[in-house]
């Protein structure tokens, strides 16, 4: 189907974009790569009067890695993350998760800001942002603000962004070299949205026990979230068959998966158990030196 | 709105509504009907064109976003009478039947092999997984792209 008619603007500055988006009765939406928004418009799930294209705004397409961690500008594309060798060590979990995002052509245009704003509970990046306690940067009519990823996603296609606000980037805290991590996903076709995916990591204490465990669920949820019960089950344990299976079982009972045409809830719940187990085994098998 | 960009080496100027996606602009505005519109929501890959050297789905890009871009469509990949290496390989391996998906397969494969002439079968399958074909079962298409690699290694 064709979108409903709208006007189009491509401002050269962030301030101008914010002012267009926040004008009274603007009914405006920002567009970056358009890889989520264009289908939304085609299905007429949204009918804005104005699209504000962010493509001419400078400085939003940088990937920075430093002692603060990794900062992804909102206009960074999947392709840019894929091509950036620094991220292999600076954030291997992000890199592994992004390999599952969409198909070749979409990866050339889809952006991280677009994915966060679209807030599909089955999308990888929002899941990683939540799992890693990411901070979302936004600019709006009242200036810049930061929003914790855990509080950003409110439900399917729903975020804490206010009228006129634009995502400017995502901050992920520093990664430690010895950190163990795993990412596992099941989808109908590689590149499609996840039916269920699990991203996780943990550090190990001097005695080799898991600490600081973060386990995040994608797809089997109304919004991506950490599974605190499963994290607690693993923390303080030596990571072995028994603790892995126990954490996986706890995870499966803790989630509240939706039911839709792609999969019944009980299937997603079973996937959570299987994928937590697989991702923990992946993490445990990883060498402590280097992350590949 | 009036927009200007380059298609297959030729500068063009075209009048579009802001809501017109690039595929409709190419087909209706410029008569380049080689680009096919299948699902129109970014699933099937039939509308793939090459924008500034990168394969994109032209149904997921507004024509107005292509202002100033260099676009190559499937028409830009043929050599008059002679077959291009990809065309010849598709013919040899029977990599098309109804032909609806073929323009998207050719543009996608061209973008891939231009960037990665040594792509292995796993990479080729992964990249082509974004393009649906309901006739061939994909195997002949993968074989054709494998064979065409030689022509891109220079």
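Among the residues of segment B:36-58, just one is at positive phi, in contact with a strand residue (DSSP E or B) (Cβ under 6 Å, 6 or more places away or on another chain) and modelled with pLDDT of 95 or more, namely B:52. No other residue among A:150, A:211, A:248 is assigned to a helix (DSSP H, G or I) and surrounded by fewer than 18 Cβ atoms within 10 Å (Cβ to Cβ) apart from A:150. Do we find a residue being within 10 Å of the chain's Cα centre (by Cα), at pLDDT 95 or above and under 30 Å from residue A:42 (Cα atoms) anywhere in segment B:59-68? No, segment B:59-68 contains no residue that is within 10 Å of the chain's Cα centre (by Cα), at pLDDT 95 or above and under 30 Å from residue A:42 (Cα atoms). Of the numbered criteria (1) under 28 Å from residue A:25 (Cβ atoms); (2) surrounded by 20 or more Cβ atoms within 10 Å (Cβ to Cβ), the one residue A:142 fails is (2). Being buried (at least 19 other Cβ atoms within 10 Å of the Cβ), within 14 Å of chain A (Cβ to nearest Cβ) and in contact with a strand residue (DSSP E or B) (Cβ under 9 Å, 6 or more places away or on another chain) is the filter here, so list the residues in segment B:6-35 that pass it. Within segment B:6-35, B:16, B:18, B:19, B:20, B:21, B:22, B:23, B:25, B:35 qualify.
Scanning segment B:121-130 for any residue that is buried (at least 16 other Cβ atoms within 10 Å of the Cβ), in contact with a strand residue (DSSP E or B) (Cβ under 6 Å, 6 or more places away or on another chain) and in contact (Cβ under 8 Å) with a residue 60 or more places away in the chain turns up nothing. Candidates are the residues of segment B:69-100 that are in a strand (DSSP E or B) and surrounded by fewer than 19 Cβ atoms within 10 Å (Cβ to Cβ); the one that is modelled with the highest pLDDT is B:70. The set of residues from segment A:74-124 being touching a residue at least 40 places away in the same chain (Cβ under 8 Å), in a helix (DSSP H, G or I), touching a strand residue (DSSP E or B) at 6+ places or on another chain (Cβ under 8 Å) and more than 14 Å from chain B (Cβ to nearest Cβ) comprises A:90, A:92, A:93, A:94, A:96, A:97, A:112, A:113, A:116, A:117, A:124. Restricting attention to segment B:73-94, does a residue exist that is within 30 Å of residue A:30 (Cα to Cα) and either more than 14 Å from the chain's Cα centre (by Cα) or more than 9 Å from chain A (Cβ to nearest Cβ) (or both)? The answer is yes; a qualifying residue exists. Counting residues in segment A:57-65 that are within 13 Å of chain B (Cβ to nearest Cβ), without any contact (Cβ under 8 Å) to a residue 12 or more places away in the chain and within 19 Å of the chain's Cα centre (by Cα) gives zero.
Go through segment A:1-22 and give me each residue that's assigned to a loop (DSSP other than H, G, I, E, B) and in contact (Cβ under 8 Å) with a residue 40 or more places away in the chain.
A:1, A:2, A:3, A:4, A:6, A:10, A:11, A:12, A:13
Residue B:31 falls short of the stated requirement of being in a loop (DSSP other than H, G, I, E, B), touching a residue at least 60 places away in the same chain (Cβ under 8 Å) and within 23 Å of residue B:96 (Cβ to Cβ). Among the residues of segment A:23-43, those identified as within 11 Å of another protein chain (Cβ to nearest Cβ) and either surrounded by fewer than 17 Cβ atoms within 10 Å (Cβ to Cβ) or part of a strand (DSSP E or B) (or both) are A:31, A:43. Scanning segment B:42-65 for residues that are within 7 Å of another protein chain (Cβ to nearest Cβ), touching a residue at least 60 places away in the same chain (Cβ under 8 Å) and either over 13 Å from residue B:108 (Cβ atoms) or assigned to a loop (DSSP other than H, G, I, E, B) (or both) gives B:45, B:64.
The values are calculated or read from the model by the stated rules, or taken from the named source; none is laboratory data. As the structure is a prediction and not an experimental result, all values here were calculated from the model. Virtual Cβ from ideal backbone geometry, glycine too; neighbours counted across all protein chains shown.
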